[in-house]
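The structure appears below as structure tokens.
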Amino acid sequence: MDSSMQQAPLVEMRGISKAFATVRANAGIDFDVRPGEVHTLLGENGAGKSTLMNILNGLYIPDSGTIRVKGENRRFSSPRDAIAAGIGMVHQHFMLVQVLTVWENMIMGLPGLEAILPKKTVIKRIQDISTRYGLGVEPEARVWQLSVGEQQRVEILKMLYRRAEILVLDEPTSVLTPQEVHHLFNTIRQMTAEGHGVVFISHKLDEVMEISDRITILRKGEVVETLSGRNVSKEELAEKMVGRKVVFAVDKTVLNLGETVLETDGVCALNDRGLPAVRNLSLSIREGEILGIAGIAGNGQRELCEALSGLRPIQFGRVILMGVDMTGAHPIEFIKAGVGYIPADRKGTGLVGSMNLRENFNLKNFWRKPYSRGIFLSWENVAGETGRIVERFGVATPGLGVPVRNLSGGNQQRLMLGRELSGTPRLIVAMQPTWGLDVGATEFVRDQLLRQRERGAAILLVSEDLEEVMALSDRLAVIHKGEIMGVVDDPRGVTEEELGLMMAGIPMSAAVRGERSL
Amino acid sequence: MSAPFRVERRLDCPAWLNWAIPVGAVATALLAGAVLLFFLGVSPLAAYTAMFRGALGDAWGLSETIVKAIPLTLAGLAVGLSFTMVVWNIGAEGQLVMGALAAVAVVRYAFVDSAPVMFFLMFVAAALAGGLWAGFAGFLKARWSVNEIITTLMMNYIAILLTEYFIYGPWRDPSSLGFPMTAPFPAAARLAVLGGTRVHVGLILAIFLALLFRVLYRWTRWGFELRVIGNNANAARYAGMDYMKNVLLAMFVSGAVAGIAGMIEVAGLQGRIQPGFSAGYGYTAIIVAWLARLNPVGTVFVSFLLGALLVGGDTLQVVMRLPLASVQVLQGLILFCVLGGEFFRNYRIVPVGKGE
Ligand SMILES: Nc1ncnc2c1ncn2[C@@H]1O[C@H](COP(=O)(O)OP(=O)(O)OP(=O)(O)O)[C@@H](O)[C@H]1O
Ligand SMILES: [Mg+2]
């Protein structure tokens with residue numbers, strides 16, 4: 001990789017500044033990408049990473065600064081211009097047309113003759129690229145049938161199909177399972193080996209250290225430092241990013257468990273395609289207890305969470321909340337009973353992007369005092385509480401009246417967490433609560449979950465981050481194809497390998513015994 | 001890159017554009033219309049002066065403009081309500097007609113002499129008629145996901161034909177010398193007018209409802225639910241908002257307000273119904289709602305503008321002896337430019353060379 005250090009950069013951004021009203025998102029940033037390297041952008045939520053890359057991708061126009069591609073000054077006014085210059089970006093929320101097939105998505109929006117090539121030629125090219133970079137995906141499949149990981153592959157494929165030489169990946173791993181991350185990294189390595197440049201954004205420091213050749217750290221829109229990706233430690237990176245030392249260990253007290261809050265009895269539920277997703281699932285959680293659910297994404301976790309908050313019909317079985325049978329109850333009754341739900345899909349479900357912070361707080365509170373009286377809303381009280389959440393959860397925002405889609409990804413997540421974790425929920429169903437959060441915020445949110453536990457809330461924590469579920473949970477259940485493979489009573493007494501076997505569908509008795517006898 | 005300018009996406013729309021865009025659009029339309037008028041052999045200046053005078057220049061013109069703005073406002077509020085939750089009630093015309101028909105029925109069969117009682121009965125009947133007419137489409141949508149655009153549109157034709165059946169048939173006025181129209185309303189069923197003009201108390205009702213809708217959207221739980229559903233139906237479900245119930249309710253209220261528009265038009269202005277009595281207010285209302293960006297108070301102003309355009313066009317026909325078609329082209333140009341102006345809300349034009 002050393003030879004690449006001397007090569008001329010593929011793209012060079014100089015003195016880039018961009019302000020949104022009063023927010024300085026980027027202030028005089030210098031950034032470049034050389035052929036054959038992975039250059040990582042690291043920084044707290046709202047540091048300006050996505051803004052910088054959106055500028056490179058032609059979505060935003062910088063207030064000042066220059067972009068040079070292979071030594072030539074360029075000015076992009078749309079992603080189309082950027083891709084024409086060889087710069088492709090994969091956003092965290094995908095930009096695919098769900099009802100079309102993979103190959104149709106490839107040629108969508110292509111200029112000129114390329115859009116009307118025969119299907120055979122297109123599919124041939126797709127197959128060439130996918131074998132070369134290990135991006136296996138069925139060209140005839142419709143996008144909505146694909147898993148999140150596969151959709152991401154299609155996005156990358158689409159950029160390579162358009163002959164991108166520089167690929168920007170904005171938090172690509174937050175939606176992936178560990179296996180898929182591994183797979184993605186192989187693809188990235190193949191691309192850099194061929195001289196492509198990759199910009200990588202992630203909050204997971206282990207990943208950053210594994211894949212980066214260089215790391216540029218941003219803080220409040222400015223470059224703190226650009227350092228080599230070799231020989232750095234996690235602690236060092238975290239400190240440079242946040243400006244203080246970060247504790248990675250979780251400090252958990254032993255609690256006496258209270259009454260049973262949630263009990264499910266043989267719950268079955270279907271997924272969106274009408275196939276069984278949760279099968280005969282029984283579990284219970286008591287006050288002051290965190291039940292972790294580990295499993296590979298797409299094994300019924302989302303369906304389970306939705307069934308437990310009334311959003312998904314239950315085919316068989318019962319859901320009992322504090323002794324009351326809630327099977328078939330309307331979502332609002334779950335909310336009123338004190339069930340907080342943190343969905344994984346914050347943009348599509350947890351928040352309304354076009355509405356402001358106050359309105360998004362009100363989303364889950366409009367039905368109760370003091371936020372409404374009778375048929376009328378009390379915006380004053382809403383604003384008061386929203387302001388407190390913004391302060392407590394450190395949501396960086398120019399005000400309470402801006403649409404939440406203008407907040408950075410991590411700040412949106414903070415707002416949603418603030419809404420669900422403030423107040424006195426009885427049951428918290430949390431799906432991937434620390435997705436997209438920087439290290440500081442992750443620490444804070446874990447702390448908040450533990451505080452709710454100490455207060456007496458029952459918590460169902462779904463996460464693909466094994467380290468996270470193992471550290472936070474009092475008990476840990478492993479889910480596979482909608483079934484519980486086993487419940488571990490002491491998450492610290494089980495190895496990641498044993499969990500891995502259970503996640504692959506081997507029941508606990510066999511998994512644990514099998515390990516020991518080896 | 002040979003074009004001398006390029007189009008860039010705007011991130012947000014500065015406040016001054018909210019005023020500059022409509023004003024610029026109208027100016028552009030008038031300019032384009034001037035060319036048209038010139039080739040028709042008419043002095044554009046004289047034509048525009050006549051239009052302006054006709055619509056706003058004297059008490060008569062002004063009152064005509066207001067009289068047209070009243071049903072437009074009411075119907076605009078009605079469709080705006082359903083649009084807010086992204087349900088497309090484009091059947092305001094049919095609901096308006098049903099409201100008018102219900103008012104006629106009340107006048108025919110309820111023998112009351114008291115004007116307030118009469119008003120109350122007509123009001124309730126019209127609201128119910130329009131509300132149920134739209135509510136039926138709402139029910140089909142909520143229960144079986146039937147596309148409301150099609151049902152509401154089709155039900156317009158049913159409503160209009162039904163009304164014509166009554167006008168030509170059982171409810172035709174025997175003393176109308178064979179003309180298809182219903183009997184004139186008795187005095188008790190007519191709305192009070194302001195001064196000696198044709199402007200009736202429907203004006204007050206329209207403004208009152210606009211303010212009421214503003215309060216509804218801003219300050220009530222139901223209005224909040226409507227807006228959330230319209231912005232993100234998934235999030236609304238997640239927040240425990242009931243989509244089916246809200247579709248039904250929104251369609252009912254939307255239809256009810258459109259029905260009231262019909263009743264007000266008949267009781268306030270025409271005093272009877274005849275074929276084509278609505279002049280397509282229910283359709284124009286869709287344009288009103290969009291131009292007002294679903295804002296209730298904006299709806300009042302946009303209705304007034306469109307009312308002026310209609311009246312001004314009439315004047316042009318009479319004074320300038322222009323054919324009806326050319327007047328409609330002129331009106332179309334203005335709408336075209338205003339709608340086209342929306343582009344500048346999202347994009348801006350930048351000369352090439354800047355920043356390079
Ligand atoms: N369209 C916009 N309008 C207004 N403000 C914006 C807009 N986009 C970003 N911002 C602001 O700019 C700042 C930087 O945001 P950016 O999305 O670049 O952060 P980020 O580093 O990607 O953070 P995260 O890790 O949370 O994704 C934030 O304070 C955000 O509120
Ligand atoms: Mg970001």
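The values are calculated or read from the model by the stated rules, or taken from the named source; none is laboratory data. Keep in mind that what you see is a predicted model, and the values were worked out from it rather than measured. Cβ placement follows ideal geometry from the backbone for every residue including glycine, while neighbour counts extend to all protein chains displayed. All accessible areas refer to the heavy atoms of the entire protein, side chains included, with ligands and DNA or RNA removed. Shrake-Rupley method; radii C 1.70, N 1.55, O 1.52, S 1.80 Å.
Once the Cβ-Cβ distance between A:ALA141 and A:SER282 is put in as r, and R0 is 41 Å, what FRET efficiency do you end up with, to the nearest 0.05? Computed FRET efficiency for A:ALA141 and A:SER282 comes out at 0.75. With the simple model of a label 7 Å out from the Cα in the direction of the Cβ, B:ASP113 to B:ASP173 spans 2.3 nm. Using a probe of 1.4 angstrom and keeping all protein chains present, the accessible surface of chain A works out to 41 square angstrom per residue. Rg of the Cα atoms in the stretch A:291-365, relative to 2.2 N^0.38 Å, amounts to 1.22.
Quarter the surface of the alpha carbon convex hull of chain A and you get the mean projected area, 25.7 square nanometres. Distances between every pair of Cα atoms in chain B, grouped in 10 Å steps from 0 to the bin holding the largest one, split as 5, 22, 29, 25, 13, 4, 1, 0 percent. Applying a length cut-off of 20 Å (Cα extent along the axis) and a mean Kyte-Doolittle floor of 1.0 to the DSSP H helices of chain B leaves B:15-39, B:59-84, B:92-109, B:115-144, B:148-168, B:202-219, B:243-265, B:296-319, B:324-341. Peptides B:305-311, B:93-99 ordered by packing proxy, namely the average of other Cβ atoms within 10 Å per residue, highest first: B:93-99, B:305-311.
Please return the longest range in chain A lying between exposed loop sites, taking GluC sites (Glu not before Pro), DSSP loop only, at most 15 other beta-carbon atoms within 10 Å, and leaving the sites out. It works out to A:260-518. Shown are A:LYS240, A:LYS347, whose ranking by accessible area with a 1.4 Å probe and every protein chain present, most to least, is A:LYS347, A:LYS240. Helix A:508-517 versus the longest principal axis of chain A: what is the Cα-based angle in degrees, 0 to 90, to the nearest 10? Orientation of helix A:508-517: about 70 degrees from the principal axis. Could you tell me how many degrees, from 0 to 90 and to the nearest 10, lie between the Cα long axis of helix A:439-455 and the main elongation axis, the longest principal axis, of the Cα atoms of chain A? Approximately 10 degrees, to the nearest ten. When the C-alpha to C-alpha distance is required to be over 26 Å, the pairs from A:LYS49/A:LYS158; A:LYS49/A:LYS124; A:LYS49/A:LYS234; A:LYS158/A:LYS347; A:LYS336/B:LYS245 that qualify are A:LYS49/A:LYS124.
Which whole-number value in Å² is the accessible area per residue of chain B, probe 1.4 Å?
47 Å²
Other residues with beta-carbon under 10 Å from the beta-carbon of A:VAL246 carry, at +1 per Lys or Arg and -1 per Asp or Glu, a net charge of -1.
Between A:LEU218 and A:LEU42, A:GLY43, A:VAL224, the built amide H atoms are under 5 Å apart, and every one of these is 5 or more places off in sequence or on another chain.
Determine one quarter of the surface area of the Cα convex hull of the stretch A:13-148, which equals its mean projected area, and express it in nm² to one decimal. Its Cα hull, projected and averaged over all orientations, spans 10.2 nm².
Each principal axis of the stretch A:217-376 carries a Cα extent, and these read 56, 41, 41 Å when sorted largest first. Go ahead and run the numbers for FRET between A:GLU225 and A:GLU333, Cβ-Cβ distance against an R0 of 30 Å, rounding to 0.05. Calculated transfer efficiency: 0.05.
Taking the stretch A:1-106, which trypsin sites (Lys or Arg not before Pro) meet the DSSP loop condition and have no more than 16 other C-beta atoms within 10 Å?
Details: sites: A:ARG14, A:LYS18, A:ARG24, A:LYS49, A:ARG68, A:LYS70, A:ARG74, A:ARG75, A:ARG80; in loops: A:LYS70, A:ARG75.
Sites meeting the loop and neighbour criteria: A:LYS70.
Taking the stretch B:72-156, how much of its Cα-Cα pair set, in percent, is spaced more than 15 angstrom apart? Everything past 15 Å amounts to 59 percent.
For the peptide B:220-229, the mean number of other protein chain Cβ atoms found within 10 angstrom of a residue's Cβ is 4. Zone of B:ASN18 (label point 7 Å along Cα→Cβ, backbone N under 20 Å): which residues in the stretch A:384-421? Under cut-off, by backbone N: A:398-406.
Between B:LEU324 and A:LYS245, the distance separating the two model label sites (each 7 Å from Cα on the Cα→Cβ line) works out to 8.7 nm. For B:TRP290, the solvent-accessible surface computed with a 1.4 Å probe is close to 120 Å², ligands and nucleic acids excluded.
Short to long, the 20 Å bins of the Cα pair-distance histogram for the protein assembly as shown hold 13, 37, 33, 15, 2, 0 percent of all pairs.
What a 1.4 Å probe finds exposed on the stretch A:3-242 is 52% carbon and sulfur by accessible area, rounded to a whole percent. Say we join alpha carbon atoms closer than 10 Å with springs in a Gaussian network model of chain B; which of B:PRO296, B:PRO170, B:PRO186 then has the biggest fluctuation? Ranking B:PRO296, B:PRO170, B:PRO186 by mean-square fluctuation puts B:PRO170 first. Buried surface between chains B and A: roughly 2800 Å² of accessible area, summed over both sides, computed with a 1.4 Å probe on protein heavy atoms only.
Between 0 and 90 degrees, the angle of helix A:379-392 with respect to the longest Cα principal axis of chain A falls at about 70 degrees. Size check on the stretch A:350-422: the Cα extents along the three principal axes, sorted descending, read 35, 23, 20 Å.
Using a simple spin-label model with pseudo-atoms 7 Å out from Cα toward Cβ, A:ARG80 and A:LEU100 lie 1.3 nm apart.
Per residue, chain A reaches -10000 deg cm²/dmol at 222 nm when only DSSP H runs of four or more residues are counted, each adding -39500 (n - 2.57). Three semi-axes describe the equivalent ellipsoid of the stretch A:3-242; taken as square roots of 5 times the Cα gyration tensor eigenvalues and ordered largest first, they are 29, 20, 17 Å. With one equal scatterer per alpha carbon and no solvent term, the Debye-computed log10 I(q)/I(0) for the stretch B:119-245 at 0.18, 0.20, 0.23 1/Å reads -1.22, -1.29, -1.35.
Per DSSP H run of n ≥ 4, the term is -39500 (n - 2.57); total these for chain B, divide by its residue number, and report the mean residue ellipticity at 222 nm rounded to 500 deg cm²/dmol. That comes out to -23000 deg cm²/dmol. For the listed residue pairs A:LYS220/A:LYS240; A:LYS70/A:LYS240; A:LYS204/A:LYS245, the alpha carbons are over 24 angstrom apart in A:LYS70/A:LYS240. Listed peptides B:62-72, A:243-253, B:44-54 appear in the order B:62-72, B:44-54, A:243-253 once ranked by packing, highest mean of other Cβ atoms within 10 Å at the front. The trypsin sites (Lys or Arg not before Pro) of the stretch A:144-231 that meet both conditions, a loop assignment by DSSP and at most 13 other Cβ atoms within 10 Å of the site Cβ, are A:ARG163, A:ARG230. The Cα atoms of the stretch A:145-283 define a convex hull whose projected area, averaged across directions, is 13.6 nm². The spacing between the stretch A:242-263 and the stretch A:422-466, judged by their C-alpha centroids, is 9 Å.
A Förster radius of 35 Å, combined with the Cβ-Cβ distance separating B:PHE5 from A:LEU117, puts the computed FRET efficiency at roughly 0.65.
Are there any chymotrypsin sites (Phe, Trp or Tyr not before Pro) in the stretch B:92-149 that are in a DSSP loop and have at most 10 other Cβ atoms within 10 Å? List them by number. Intermediate values should be presented prior to the final figure.
Working: sites: B:TYR109, B:PHE111, B:PHE119, B:PHE120, B:PHE123, B:TRP133, B:PHE136, B:PHE139, B:TRP144; in loops: B:PHE111.
Answer in residue order: B:PHE111.
Residues A:HIS93, A:HIS480, A:HIS182, B:HIS200 ordered from highest to lowest accessible area at a 1.4 Å probe: A:HIS182, A:HIS93, A:HIS480, B:HIS200. Taking the Cα centre of the protein assembly as shown as origin and assigning +1 to Lys and Arg Cβ atoms and -1 to Asp and Glu Cβ atoms, the resulting dipole is close to 2080 debye.
Each Lys or Arg adds one and each Asp or Glu takes one away; over the other residues whose Cβ falls under 10 Å from the Cβ of A:GLY288, this sums to -2.
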